[in-house]
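Student: Right, I'll just put the structure down here and ask away after.
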2 protein chains.
Amino acid sequence: MKTAKKYMFNPGNVSKLSDLPTLDHELAKDPAHNKKLLAKVASEIGELQWTLYAEKKQSLLVVFQALDAAGKDGVIRHVLDEVSPQGVTTVSFKQPSSNEKERDFLWRVHLRTPARGEFTIFNRSHYEDVLVARVHELVPKAVWKKRFELINQFENLLAQECNTRVIKFYLHMSPDVQLARFKDRLTDESKNWKITEADYNEREYWDKYIEAFQETLDRTSTSHAPWFVVPADDKISRNLLVAQIIRDTLKDMNPQYPSPAADLNAVRARYHEAEIKAKATRQKKA
Amino acid sequence: MKTAKKYMFNPGNVSKLSDLPTLDHELAKDPAHNKKLLAKVASEIGELQWTLYAEKKQSLLVVFQALDAAGKDGVIRHVLDEVSPQGVTTVSFKQPSSNEKERDFLWRVHLRTPARGEFTIFNRSHYEDVLVARVHELVPKAVWKKRFELINQFENLLAQECNTRVIKFYLHMSPDVQLARFKDRLTDESKNWKITEADYNEREYWDKYIEAFQETLDRTSTSHAPWFVVPADDKISRNLLVAQIIRDTLKDMNPQYPSPAADLNAVRARYHEAEIKAKATRQKKA
């Protein structure tokens, strides 16, 4: 749990987001090594996830939140390519539909929580309802202020009732790197489709978003559902760190293949019996 | 709110279920009058529900819990026959499916909560998970003990986020009346279909159920989601009391038809214009 511990956001330490690094210089130095290591960690995740699925006693919910271009999609693609599509689901939460808006903000999220044995990834989540909803004043302050506690209670429900481990990633990126990535989207034709004018509009709200993330992390990083602040200026080390934290979490959950439903000795005895019979038949024929 | 107040279960008063009446003798004296009154109250509920639906700002969730034959189905049929099927839904919760069992006990319930403007009736509910689950030891004590708090938090979420009024009915019946109704199911052919052997088996657990209801009422009758204990030995007065409490609750919610989306003066002006034009056309033709 070394990596996990290092990047866990501990509200007790009163960490200011502005003091936390957006780049791990040391780690970013050796991209070739990091790539090789990532492949290894990804395959460990695949193995652990499959055991979790077989065990069917606990589940994992991983939440990704970040400003645009910090790499939510990239992480999900690169870290999770070794997991089995059986038992793994990614859910992207876009703007709520009018039907969803008529219910509480956790309604659409609860619909998609993992069943026992499942590993679910939320690309954006119920945290949008204390982030964008706050920054753009989609609801009054009195409403979003109450939501931190409602979120903690909800995540506690998942933990208590279904042994669901909830871990949440904030991909921490500097404004300069965001601008460079936006530029990249303009020049690299394979990335043109990602550009929207909204990206640049949202940049205007940078400080307000950081303020919103700060309070979110302060109030919802709990022992049953911690936040991790991962430096995201360098893509490869970002992917590696996320992978290591997921791998460490799964290891800590310690899933086990279930005992066989059948009595193996009885099955062995019947196999032995069948063998004797078959032998006798062969001898008769000979 | 007179009737509502009288039958509301106030945990502060430390009411023992065994001290609360299963029959309101005074009220049960005049069934003809009660029937007439029920028809009136039911139509008031219909009117209020339609306004709630038009308003689309708040919602009502009514939960029915009781031992078998206390009248959950009967109440739902007789009290709610005047409401519009538009905006009103009844959900019966049976034994959870294997898919439902793999999630927390509130998952399948959250799926069916009312949208703004809606009036939803739960015939059994998440309370089964602290009643039958406890009596038949389907989950360990440590699990069901935690659920009272999880339920209060969940009902609070509905209240906070969607102005959902939650009211919960325990239909309070004596063991003798249950036996008489079981007998009735045997003799009245139109009721034969309701008989199961399970009915008689469950009777063995009567005291354990009352104990479970007692703690449930003590711990989950909150200001945002109160329980009502309604005497249920007499069917007509039981129906009337439930109807009055629902009517009083809806009145207290005070739904209002929304203001028209269009500017009525502008619409009137255009109508007037059209009239003048039509008149002119008619005069030309003449």
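Derivation of every value follows stated rules applied to the coordinates shown; laboratory data play no part. The model shown is predicted, which means the values in this text are computed figures rather than measured ones. When we count neighbours, we look across all protein chains shown, and the Cβ atoms used for this are built from the backbone with ideal geometry, even at glycine.
Student: Net charge within 10 Å of A:ILE236 by Cβ-Cβ distance, Lys/Arg positive one each and Asp/Glu negative one each, not counting A:ILE236 itself? Working shown, then result.
Tutor: Details: positive: A:LYS35, A:LYS235, A:ARG238; negative: A:ASP30, A:ASP234.
My count for the surroundings of A:ILE236 gives +1.
Student: Let me ask you something else. May I ask for the Rg/Rh ratio of segment A:2-285, computed from Cα atoms with Rh as the Kirkwood radius, given to two decimals? Let's see the in-between values first.
Tutor: Working: Rg = 23.1 Å, Rh = 20.9 Å.
On the Cα set of segment A:2-285, Rg over Rh gives 1.11.
Student: Next up: Could you run the Karplus curve 6.51 cos²θ - 1.76 cosθ + 1.60 with θ = phi - 60° over segment B:172-177 and give me ³J(HN,Hα) per residue in whole Hz, x for Gly and Pro?
Tutor: 9, 10, 7, x, 5, 5
Student: Would you tally the net charge around A:LYS194, using a Cβ to Cβ cut-off of less than 10 Å, leaving A:LYS194 out, and scoring K and R as +1, D and E as -1? Could the numbers behind the result be given before it?
Tutor: Values: positive: A:ARG181, A:ARG185, A:LYS191; negative: A:ASP68, A:ASP73, A:ASP184, A:ASP188, A:ASP199.
Taking every other residue near A:LYS194 into account, the sum is -2.
Student: Give, in nm to one decimal, the length gained when the segment between B:LYS57 and B:GLU215 is fully stretched (0.36 nm per residue of separation minus the Cα-Cα distance).
Tutor: That pair, B:LYS57 and B:GLU215, stretches by 53.6 nm at full extension.
Student: Still on this model: Multiply the residue separation of B:LEU17 and B:ASP252 by 0.36 nm, subtract the distance between their alpha-carbon atoms, and state the gained length in nm to one decimal. Please report the intermediate quantities before stating the final value.
Tutor: Details: separation 235, 0.36 × 235 = 84.60 nm, distance 2.68 nm.
My answer for the length gained is 81.9 nm.
Student: Give me the net charge for the shell around B:GLU128: Cβ to Cβ below 10 angstrom, other residues only, Lys and Arg +1, Asp and Glu -1.
Tutor: +2
Student: Using 1/(1 + (r/R0)^6) with R0 = 30 angstrom and r between the beta carbons of B:ALA266 and A:LEU138, what's the FRET efficiency to the nearest 0.05? Numbers along the way, then the final one.
Tutor: Working: r = 29 Å, r/R0 = 0.98.
Calculated value: 0.55.
Student: Can you grab the distance from the C-alpha centre of segment B:203-281 to the C-alpha centre of segment A:126-147, Å, no decimals?
Tutor: 29 Å
Student: Take the residue pairs A:LYS2/A:LYS72; B:LYS35/B:LYS145; A:LYS145/B:LYS57 and return only those whose Cα atoms are more than 30 Å apart. Write out the running numbers ahead of the final one.
Tutor: On the way: A:LYS2/A:LYS72 23 Å; B:LYS35/B:LYS145 41 Å; A:LYS145/B:LYS57 20 Å.
In this structure, B:LYS35/B:LYS145 exceed 30 Å between Cα atoms.
Student: What fraction of the DSSP beta bridges in the protein assembly as shown is antiparallel, stated in percent and rounded to the nearest 5? Could the numbers behind the result be given before it?
Tutor: Details: 4 of 49 bridges.
About 10 percent, rounded to the nearest 5.
Student: Could you tell me the number of lysine pairs in segment A:164-286 with C-alpha atoms less than 22 Å from each other, where the two lysines are 8 or more residues apart or belong to different chains?
Tutor: Lysine pairs, 8 or more places apart or on different chains, close enough: 9.
Student: Let me ask something else about it. Helix-only mean residue ellipticity at 222 nm, the protein assembly as shown, DSSP H runs n ≥ 4 weighted -39,500 (n - 2.57), per residue, nearest 500. What is it? Provide the component values of the computation, followed by the final result.
Tutor: Details: 26 runs with 306 residues, N = 572.
The helix contribution divided over the protein assembly as shown gives -16500 deg cm²/dmol.
Student: What FRET efficiency do you get for A:THR89 and B:LYS277 if R0 is 56 Å and r is their Cβ-Cβ distance, rounded to the nearest 0.05?
Tutor: Values: r = 61 Å, r/R0 = 1.08.
For R0 = 56 Å, the calculated efficiency reads 0.40.
Student: Under the definition of partner shielding as Cβ atoms of other protein chains within 10 Å of a residue Cβ, what is the mean value for peptide A:97-107? Please list the in-between numbers first.
Tutor: On the way: counts 0, 1, 1, 1, 3, 8, 12, 10, 3, 5, 8.
Other-chain Cβ atoms within 10 Å of each residue's Cβ, averaged: 5.
Student: Something else about it: Output the antiparallel fraction of DSSP beta bridges having both residues in chain A, as a percent to the nearest 5. Walk me through the intermediate numbers first.
Tutor: Numbers: 2 of 25 bridges.
Here the share of antiparallel DSSP bridges comes out near 10 percent.
Student: Relative to the other copies, what are the label-point distances for B:LYS191, with labels 7 Å from Cα along the C-beta vector, expressed in nm at one decimal and sorted shortest first?
Tutor: Nearest to farthest, the other copies are at 7.4 nm.
Student: Restricting things to alpha carbons, tell me how big the protein assembly as shown is in terms of Rg and Dmax, in Å.
Tutor: Cα radius of gyration and Dmax of the protein assembly as shown are 30.4, 118 Å respectively.
Student: Peptide B:138-149: average number of partner chain Cβ atoms within 10 Å per residue? Before the final figure, lay out each step's value.
Tutor: Working: counts 0, 1, 0, 0, 1, 2, 0, 0, 4, 3, 0, 4.
Other-chain Cβ atoms within 10 Å of each residue's Cβ, averaged: 1.
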